[in-house]
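Okay, handing you the structure first.
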Amino acid sequence: MHTLYYAPGAASMAVHWLLLELGLPHQLVSVDLEAGEQKRPEYLALNPNGVVPTLLIDGTAHGEAAALMLHLADSHPGAGLAPAPDSSRRAEFLQWMFHMANAVQPLFRQWWYPHEPAGANHADAVRAHAEPRIAAEWDRLDRHLADSGPWLLGRSLSAADFYLAMLVRWSRKMQRPGTQWSHLAALAGKLKSRPSYAVLRDREGLDEW
Ligand SMILES: N[C@@H](CCC(=O)N[C@@H](CS)C(=O)NCC(=O)O)C(=O)O
């Protein structure tokens, strides 16, 4: 049994989406980020980083959205959302998962929490720095999808695509949202039309893409 600590639309969203996509029984526990529930001792005991998501797997707490997606996809090979470790496409899959976790998601952290790198006085500069770097990531990813899509692994849908769709959604209020790149928009649009997204949207109360 899985229990997901989540906040609507946050990094927990892609984990929630995979739980639904894989048809795994799970419970949801809402964490009110505005109220700072993620910094309370009882939550820090589960996730010392004080962020969502946290996933309890058979009662043990685990964090890091990308790692949780990898784990869920690997644990349910029948769904085909991660190439097997001995597959020729495994390295490519891992490359995209780690690229998004190490290079793309941290830029969003800067955008959503611009005071963190250098204090509130520099928040505008941090955002101004992050946005073009996110656009450069969209350039690269869109080019890859144009050349080798429609999914990150070509014709095979994988957990990496759900991760990418969440990141594209996070850019919706930027001057240049990821949906301005046609292949990224197509990928996100196809994933949004899956039945799992309708459930996710209703459960998390997502009123906008
Ligand atoms: N590397 C972490 C980052 C998670 C993260 O930054 N979560 C944000 C929401 S998207 C959060 O919990 N923010 C609240 C806070 O930092 O206080 C992961 O991928 O799980």
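We did not get these values from a lab; they are worked out from the coordinates using the rules stated. None of the values given here were measured: they were computed from a predicted structure. Note: ideal-geometry Cβ built from the backbone for every residue, glycine included; neighbour counts use all protein chains shown.
By counting other Cβ atoms within 10 Å of each Cβ, how are TYR197, TYR163, TYR113 ranked from fewest to most? The partial results should precede the final answer.
Numbers: TYR197 20, TYR163 27, TYR113 11.
Going from least to most buried by this count: TYR113, TYR197, TYR163.
Taking the beta-carbon count within 10 Å as an exposure proxy, list ASP32, ASP86, ASP161 from fewest neighbours to most.
Numbers: ASP32 9, ASP86 6, ASP161 23.
Going from least to most buried by this count: ASP86, ASP32, ASP161.
Here's a follow-up. Indicate, rounded to the nearest 5 percent, the antiparallel portion of the DSSP beta bridges found entirely in the chain. Before the final figure, lay out each step's value.
Numbers: 10 of 15 bridges.
Rounded to the nearest five, the antiparallel share is 65 percent.
In addition: For the chain, build the charge dipole from Cβ charges (+1 Lys, Arg; -1 Asp, Glu) around the Cα centre, then report which of ALA82, ILE57, LEU20 sits farthest towards its positive end.
ALA82
Still on this structure, I have one more. With +1 on each Lys and Arg Cβ and -1 on each Asp and Glu Cβ, how big is the dipole of the chain about its Cα centre, in debye rounded to the nearest 20? Write out the running numbers ahead of the final one.
Numbers: 19 positive and 22 negative charges, 95 e Å.
Around 460 debye, computed over the chain.
Sorting LEU20, LEU145 on the 10 Å Cβ count, fewest up front, what's the list? All intermediate terms of the calculation are to be shown ahead of the outcome.
Values: LEU20 18, LEU145 21.
By the 10 Å Cβ count, ascending, the order reads LEU20, LEU145.
Students often check this: by mean Cβ neighbours within 10 Å, which of 124-131, 149-156, 93-100 ranks highest, and how do the rest follow? Numbers along the way, then the final one.
Values: 124-131: 14.5, 149-156: 16.6, 93-100: 18.1.
Ranked by mean Cβ neighbours within 10 Å, highest first: 93-100, 149-156, 124-131.
In deg cm²/dmol, rounded to 500, what helix-only [θ] at 222 nm does the chain give when every DSSP H run of at least 4 residues adds -39500 (n - 2.57) and the total is split over its residues? Let's see the in-between values first.
Numbers: 9 runs with 102 residues, N = 209.
Using -39500 (n - 2.57) per qualifying helix, the result is -15000 deg cm²/dmol.
Toward the positive end of the charge dipole of the stretch 90-194, about the Cα centre and with charges on Cβ (Lys, Arg +1; Asp, Glu -1), which of ALA101, TRP138, GLN180 goes farthest?
GLN180
Using label points projected 7 Å from each Cα along Cα→Cβ, tell me how many nm separate SER182 and LEU24, to one decimal.
Result: 3.7 nm between the two label points.
Continuing with the same structure: Just how large is the dipole of the stretch 90-194 about the Cα centre, in debye to the nearest 20, putting +1 at every Lys and Arg Cβ and -1 at every Asp and Glu Cβ? Intermediate results must be reported in sequence, preceding the final value.
Working: 14 positive and 9 negative charges, 74 e Å.
For this selection, approximately 360 debye.
Then there's this: With no solvent and one point on each alpha carbon, what is the Debye value of log10 I(q)/I(0) for the chain at q = 0.13, 0.17, 0.18 Å⁻¹?
At q = 0.13, 0.17, 0.18 Å⁻¹ the computed log10 ratios are -0.74, -1.28, -1.42.
Distance between Cα centroids, the stretch 108-125 to the stretch 73-88: provide it in whole Å.
37 Å
Toward the positive end of the charge dipole of the stretch 92-209, about the Cα centre and with charges on Cβ (Lys, Arg +1; Asp, Glu -1), which of LEU206, GLY154, SER196 goes farthest?
Looking along the dipole axis, the top candidate is SER196.
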